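Accompanying notes for the structure given below.
The values are calculated or read from the model by the stated rules, or taken from the named source; none is laboratory data. Fair warning: this is a prediction, and the values are worked out from it, not measured in the lab. Reconstructed Cβ throughout: ideal geometry from the backbone, glycine too, with neighbour counts over all protein chains shown. The accessibility values were calculated without ligands, DNA or RNA, using every heavy atom of the protein model including side chains. Shrake-Rupley method; radii C 1.70, N 1.55, O 1.52, S 1.80 Å.
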Amino acid sequence: MNAASGARLVFDFADGDRTQADLLGGKGANLAEMTRLGLPVPPGFTVSTEACRHYLARGTEPAELREQVTAALRRLEDTLGRRLGDVEDPLLVSVRSGAKVSMPGMMDTILNVGLNDHSVKGLAAAARDERFAWDSYRRLIQMFGRTVLGVRAELFDDELAAAKARAAVATDVELPVAALRELVESFNQIVVTQSGREFPQDPREQLDLAIRAVFDSWNTERARIYRRRERIPHDLGTAVNVCAMVFGNLGQTSGTGVAFTRDPATGRPGVYGDYLPNAQGEDVVAGIRNTESLDDLAGRDPRAHAELTRIMRLLETHYRDLCDIEFTIERGTLWMLQTRIGQRTAAAAFRIAAHLIDEEVITLDEALTRVTGHQLAQLMFPQFDAGTPATPITTGMAASPGAVVGEVVFDSAAAVARAAAGAQVLLCRRETSPDDLEGMIAAAGVLTSRGGKTSHAAVVARGMGRACVCGAEEIDIDAPERVLRVGDLVVAEGDILSIDGTTGEVFAGARPVVPSPVATYLEQGLDIALKGLDADAADLVRSVDRLLRHADGSRRLTVRANADTAEDAAHARRLGAQGVGLCRTEHMFLGERRVLIERLVLADSAEARSAALAELLPLQRADFVALLTAMDGLPTTIRLLDAPLHEFLPDRTELAIRVAVTEATGGSADPQDARLLGAVQRRHESNPMLGLRGVRLALVVPGLFAMQVRAIAEAAAARIAAGGRPRVEIMVPLVASVMELHLVRDEIDAIIAEVAERAGVSLRIPIGTMIELPRAALTADRIAEAAEFFSFGTNDLTQTTWGFSRDDVEAAIFVAYLAQGVFAVSPFESLDREGVGALVRMAAAAGRRTRPGLTLGVCGEHGGDPESVHFFHEAGLDYVSCSPYRIPVARLEAGRAALAADPGGATA
Ligand code: PEP
Ligand code: MG
C-alpha cells in the first residue's frame, strides 16, 4: 500500500491485537493484546511498520504521519489529563522500537521524552521527588544524545563514573540531587560539542526526532548483522511504540524487572526473573547493577508480586507458551511494559514443549512445532567429563548451556581475529552490548562478570546457541590491561579457560569433554542414556525421546544415511537411518589401493587392464559384503565411481620435478615414473569437476564400472547365500542424457543376470541415477525411461546451476555475497528453493510422469539441513539422505515438515 494515500499509520494500543505483528511489530501487537486482556498497560500508541518502510524507501516520513501522531498524542493526553512536557505536571513518554521479529538489543529505546529545563521542575513537584526528576532528565539527555544525535556512549558513561567518584558513591542511585543537576549540565555540554546542536527543549521535537531515530536504527550495522544471521528480511522495517512513562526509579517502593513464566535456560517449571529496585528501563537488561530475584520481590512487596504472578500465569495460558515480560512497579503499582513468546535454550525448548503437553496446554503435534532440528543439533554437543572432576575458580549464572574450552579474548575485534586464525575463543567482558555482536558470533562461548540471566550477553548467547556464563562477580575483567583476575589468579589474553553454561562454572585450563546425554540416548537408546542422570538431564532426554518418536510417527519422508563404510553405516543405523542413500565408492580406492588404479590407468593392453581390474574385484566385493551386512534388510544405494581418475594418481608437479631432477643429475628416470607422468599429463584437466568423471568414465575407460557392478552383484549373492536380506541399489552419477544411462544400463543388466545365473539366486537390483546436472533435470522425463529411481545430487546441481565451483567459491565469493545480501545463507548449505529447487520440482514431476512409481530421494548435503528437509517434503520426495550425525535432525524436521504441510492430518 502507498503510505501517502491516506493510510492509517498510527494505532492506539486499545485498537490492535496480537495477530497484527506485521503492521504493529511484535512489541506493539503484544502491548495491544495485553491492553485487550485488561492488564495494566500504560496507554500509548504504535507507529506502524508501514510508516517506517515509507521512511526507509524515501528518506522522509509519510506526509500524514505528523498529523496522525498529533491526534494520537492528544487522545493520550486526554486519557491521562496531562500534557506532553507540561511545566506543571508533565506527561512523559517512552519511544521504543519493535519489529515483527524480536531482535534483542538491536534497536534503540528512549525514555522520559518530554523533559526539558522547565518540565523537570514540574516533574519534581508532581512526584515530590527532586532527585528522581533530575535523574530522569539526565537519562533522557544520555539516551537521546546517543541514539538520536549519535554521541558516543562512553562520553556519558565516563562523566557518570566521574560524578560517582566525586560524590564518593558506588551506584548511580546514591548520587545526590546536586550531582545530578551538574550531570545534566555536563551532558548538555557533551551534546553541544559532539553533535554541534543543543539538546532540543521542545517536547514535540524530541518525540519526532526519537521516532525518526528508531526508523534509522533499523539500518544500523549491528541490526543488519543480526538480521543476516537470523535470516530476517531487510525490508520489514520496524514499528515505533510511544507509551506513557511509568517510573521504576521513584525510590525503594519502585523498580523494574524482566521475568519468564518458566526458566528459559533449563526449562524447569516455575517463574523466573530479575528485579532491580529503584531503577529504570534498560538498567536490568544492561546488567549495570546486579539484580534481585522474584522471591526477593515477594519479600519487598507481596501485593505487587502476587499480582505479577497472577498475570504471568494468565499470559502463559493465553499465549500457550513460555512468555517473557518486562514490568515496572511505580510506588507499589504494577505496570506491564512488554510481553512476547520468550527465547529459550535448546534444552528448555524440548522440556517446555513436553511439559505443556502434560499440562494439557498444547497437543503433541503442536509440541513438535515448538522444537527445531537446530536445537536438537545443539543438544548433541559434548559436555565436560564428570569423571574428571575439577574445582571451579568461580561460578556465575548458567545463562546458556554448552561446555566450551577457549582462548580468552577481551573484545570483539580480538575474538573475530583469533577465530579467523582458527582458535576457539572465549569472549570475556564485564557486560556485553550490541557492539559486541560480531565477537559473540565468532566466539565459542561468552563469559561476563556483570548482569543476570536476562542481560544482553545471556539473551543473545541463548539466541545464537553459544555457551554463556554471566554475572560471575568474583571475576575482575580488566580489558584495557588485557587480563582478568579471580582472587590471586591472573588470566591473560590467550590463556585457556573452560566454561560450563549449564552450571555457570568457570575452570582454569582445558577440561576434557564427553558426549551429551542426548547424544548417548540417540546412539544407545533411552534405558542406557537414563542411567545415572540427574533429574533435569533425565527429563530432557525423556522430552527429546517423546518428541522424536512423535516426529517418526508423523513423517512421510524416510531418512537414509550417506555412508561409505560398514562402520559409518552401522553408526547411522543406530541413529535411526532407514537405509543408505549414498555410498561413495571413490573412497574405496585410496590408500594402498591407489596403486591398483595407477596400474589400470597405465595399462596399455586389454589384458593388462583386465589384470588390474581383477585385483580390484575381490577388494570391492569385500567392501560391499561388509556394507550390506551392516544394512541388512534396508535399502543400500551404491554409487559407481564418480571422481576423475587423476585424483588417484600422483601430483603432476611433484612427479614432473622428480623426473626432471633425476634426469638433470645425469640419471635416467624410473620408467614407472616416466610412464605415470605421461599418463598424468594426458589426463590433466583444467576443470576436472566438469571433466572426465561420473558416467563419462564408464564410457571412456572400459571395464571399471563393470568391475564395480560385478562386485556389487556378487556381494549381494553372497549375502543371500549367507541368509541375509541384501537390498542393494546401483546408482549412476553425473548423467546428463538418457543415452548415457541406456548405454551403461545394458552392461549393468547383463552382468547382474550373469552373476545371478552363476550363483543360482534371483537378484533384484534397482538401477537409478543421480540428478545433479541441469540437463538431467530438464530431460528427466526421458531419463526416467532408463532409471528406476532418482537421487538428487544437490551439491553438483547447485554447483552447475549457479556455475559456482563448489571447492572455491565459499572462500572467494560468499563472504562478499552474504555481506551484500545476494543470499542470506550459502546455497550449498541450505537449498536455493527458487533456482535449484525449481529444477528439483520440475524433474520430480517429469520423472513421475514417465514412471509413476519412481522413487525420489536426495543425497546432497542439503538432505540434513532443516530448512531444505521441509522443501524436499513439499516437493514430494520419498527420502532424504545425509551424514550419520545429522540423521536425528533430519528425522525431527521431516516430522515437523509433515505437520506443517498438513496440520492436524498427521496426528498419531
Ligand atoms: C551431489 O553432487 O550432491 C552428491 C551427493 O555427489 P558428490 O557430493 O559426491 O559430488
Ligand atoms: Mg555429485
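Summary table
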| quantity | calculated |
| --- | --- |
| In the range 779-816, residue nearest to Glu861 (Cα to Cα) [restricted to those that are acidic (Asp, Glu) and more than 13 Å from ligand 1 (Cβ to nearest atom)] | Glu810 |
| Of residues in the range 835-858 being within 18 Å of Arg555 (Cβ to Cβ) and within 12 Å of ligand 1 (Cβ to nearest atom), the one nearest to the chain's Cα centre (by Cα) | Val858 |
| Ala570 touching a residue at least 40 places away in the same chain (Cβ under 8 Å), at negative phi and in a helix (DSSP H, G or I) | yes |
| Count - residues of the range 400-446 that are under 20 Å from the mean Cα position of the chain (by Cα) and closer than 20 Å to Phe384 by Cα | 13 |
| Of all residues making up the range 147-159, the number that are surrounded by fewer than 23 Cβ atoms within 10 Å (Cβ to Cβ) and touching a strand residue (DSSP E or B) at 6+ places or on another chain (Cβ under 9 Å) | 0 |
| Residue list for the range 677-688, filter: exposed (fewer than 15 other Cβ atoms within 10 Å of the Cβ) and either within 14 Å of ligand 1 (Cβ to nearest atom) or under 22 Å from Leu773 (Cα atoms) (or both) | Glu685, Ser686, Asn687 |
| Filter pass, Ser610 being surrounded by fewer than 21 Cβ atoms within 10 Å (Cβ to Cβ) and without any contact (Cβ under 8 Å) to a residue 12 or more places away in the chain | no |
| Positions within the range 421-435 being more than 14 Å from Ala153 (Cα to Cα) and in contact with a strand residue (DSSP E or B) (Cβ under 9 Å, 6 or more places away or on another chain), in sequence order | Ala423, Gln424, Val425, Leu426, Leu427, Cys428, Arg429, Arg430, Glu431 |
| Residues that are away from ligand 2 (no atom under 16 Å from the Cβ) and either modelled with pLDDT under 85 or not in a helix (DSSP H, G or I) (or both), drawn from the range 679-697 | Ala679, Val680, Arg682, Arg683, His684, Glu685, Ser686 |
| Failed criterion for Pro650 (all others in (1) over 19 Å from Ile712 (Cα atoms); (2) more than 16 Å from ligand 2 (Cβ to nearest atom); (3) part of a helix (DSSP H, G or I) hold) | (3) |
| Test: residue in the range 868-886 that is away from ligand 2 (no atom under 16 Å from the Cβ), basic (Lys, Arg), touching a residue at least 24 places away in the same chain (Cβ under 8 Å) and not in a helix (DSSP H, G or I) | no |
| Condition check for Thr801: polar (S, T, N, Q) and touching a residue at least 60 places away in the same chain (Cβ under 8 Å) | no |
| Scan of the range 879-898 for residues that are open to solvent by less than 30 Å² (accessible area, probe 1.4 Å) and modelled with pLDDT under 95, ordered by number | Cys882, Ser883, Pro884 |
| Complete set of residues in the range 643-672 that are open to solvent by less than 60 Å² (accessible area, probe 1.4 Å) and more than 30 Å from Leu704 (Cα to Cα) | Ala660, Thr662, Gly667 |
| For Gly342: the one exception among (1) of a type outside the set (A, V, I, L, M); (2) open to solvent by less than 20 Å² (accessible area, probe 1.4 Å); (3) out of contact with any Pro (no Cβ under 8 Å at 6 or more places or on another chain) | (3) |
| Identity of the residue in the range 817-834, within 15 Å of ligand 1 (Cβ to nearest atom) and out of contact with any Leu (no Cβ under 9 Å at 6 or more places or on another chain), that ends up most open to solvent (accessible area, probe 1.4 Å) | Glu829 |
| Some residue of the range 862-878 being within 16 Å of ligand 1 (Cβ to nearest atom), open to solvent by less than 20 Å² (accessible area, probe 1.4 Å), at pLDDT below 95 and charged (D, E, K, R) | yes |
| Qualifying residue in the range 805-818 (condition: closer than 29 Å to Ile767 by Cα, touching a residue at least 12 places away in the same chain (Cβ under 8 Å) and under 17 Å from the mean Cα position of the chain (by Cα)) | no |
| Matching entry among Thr147, Thr193, Thr171, Thr109 (being outside the structural domain of Ala458 (by TED's automatic domain parsing) and modelled with pLDDT of 95 or more) | Thr193 |
| Condition check for Thr558: out of contact with any Phe, Trp or Tyr (no Cβ under 6 Å at 6 or more places or on another chain) and touching a residue at least 60 places away in the same chain (Cβ under 8 Å) | no |
| Residue pairs meeting the criteria (Cβ under 8 Å; at least 6 apart or on separate chains; first under 12 Å from Val41 (Cβ atoms), in the range 331-354; second part of a helix (DSSP H, G or I) and open to solvent by 10 Å² or more (accessible area, probe 1.4 Å)) | Leu334/Glu307; Gln338/Lys27; Gln338/Asn30; Thr339/Asn30; Thr339/Tyr319 |
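Results for (1) within 16 Å of ligand 1 (Cβ to nearest atom); (2) more than 46 Å from the chain's Cα centre (by Cα); (3) closer than 27 Å to Leu602 by Cα; (4) free of Cβ contacts under 8 Å to residues at least 24 places away in the same chain, shown as yes or no for each residue.
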{"residue": "Val695", "(1), (2), (3), (4)": "yes, no, yes, no"}
{"residue": "Val700", "(1), (2), (3), (4)": "no, no, yes, yes"}
{"residue": "Arg719", "(1), (2), (3), (4)": "no, no, no, no"}
{"residue": "Arg745", "(1), (2), (3), (4)": "no, no, yes, no"}
{"residue": "Val755", "(1), (2), (3), (4)": "no, yes, no, no"}
{"residue": "Gly768", "(1), (2), (3), (4)": "yes, no, no, no"}
